[in-house]
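The structure appears below as structure tokens.
What follows is calculated from the coordinates using simple rules that are stated; it is not laboratory data. What you see is a predicted model, and the numbers here were worked out from it, not measured in a lab. Cβ atoms come from the backbone with ideal geometry, glycine included; neighbour counts cover every protein chain shown.
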Amino acid sequence: MAEQKKTNEGMNMEEALTQSEAFLIKYKNAIVGAVLAIILVVAGIVMYKNLYAAPREEKAQAALFKGEEYFEADQYEQALNGDSIGYAGFLKVAEEYSGTDAANLAKAYAGICYAHLGKYEEAIKQLESFSGNDQMVSPAMKGTIGNCYAKLGQLDKAASTLLQAAKEADNNSLSPIYLQQAGELLVKQGKYDEAIEAYITIKDKYFRSYQAMSIDKYIEQAEQLKNK
């Protein structure tokens, strides 16, 4: 019986191998084509990164550098639109090097420049085109958008955007700033309960922040206005 079993297993193995061989022969061209396609795709990705994307990113970073110098010197017009000696400006960098990290950062810089120049609608447009998911830069851009809405007198949008920025940041550096700003806007709108809630979040959750040191005063003022 054991010998018969071994014979059957051997036949099954041979049959499986024969079927595999038949499959390979039948679909050889398709398999070879698929393998070659995978190789070409991988090679294409590698070549794209090394021969196009990486050098383009380097050029974009170099183009951004002079703008950052203007930005740090509070020369927002030159940083945004360029100068007469070779620097193209954040707007041009964002356009010419679209898809690079530097171009994405140029959008953020451009938005802040517009905000400093009092062009709040343009600032919002640029800042909303910035993409990111970290806990510092992205919430900071959203907080700037909120403040631009406030400058435009759109207090509802401003407060909700600032509250969202505080939630996304969730840290002692940015969140208390945006919560306090949102609270002040909510007080202006007579939304005292919402303002108090924002202030209490600073007091309870971000008690190590600078804003927490004086937040009791804001809570008291909001409560007094509420009870008038």
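Summary of values
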read-out: Distance (nanometres) between label positions extended 7 Å along Cα→Cβ at Ser98 and His116; value: 2.7
read-out: Inter-label distance for Asn171 and Asp83, nm, one decimal - labels placed 7 Å from Cα along Cα-to-Cβ; value: 3.2
read-out: Extension reserve of the Asp156-Lys59 stretch, reckoned as 0.36 nm per residue once the Cα distance is removed; value: 30.8 nm
read-out: Cα-based shape type of region 132-228, given that a ≥ b ≥ c are square roots of the gyration tensor eigenvalues and the cut on a/c is 1.5; value: oblate
read-out: Order of Val137, Val187 under a 10 Å beta carbon neighbour criterion, fewest first; value: Val137, Val187
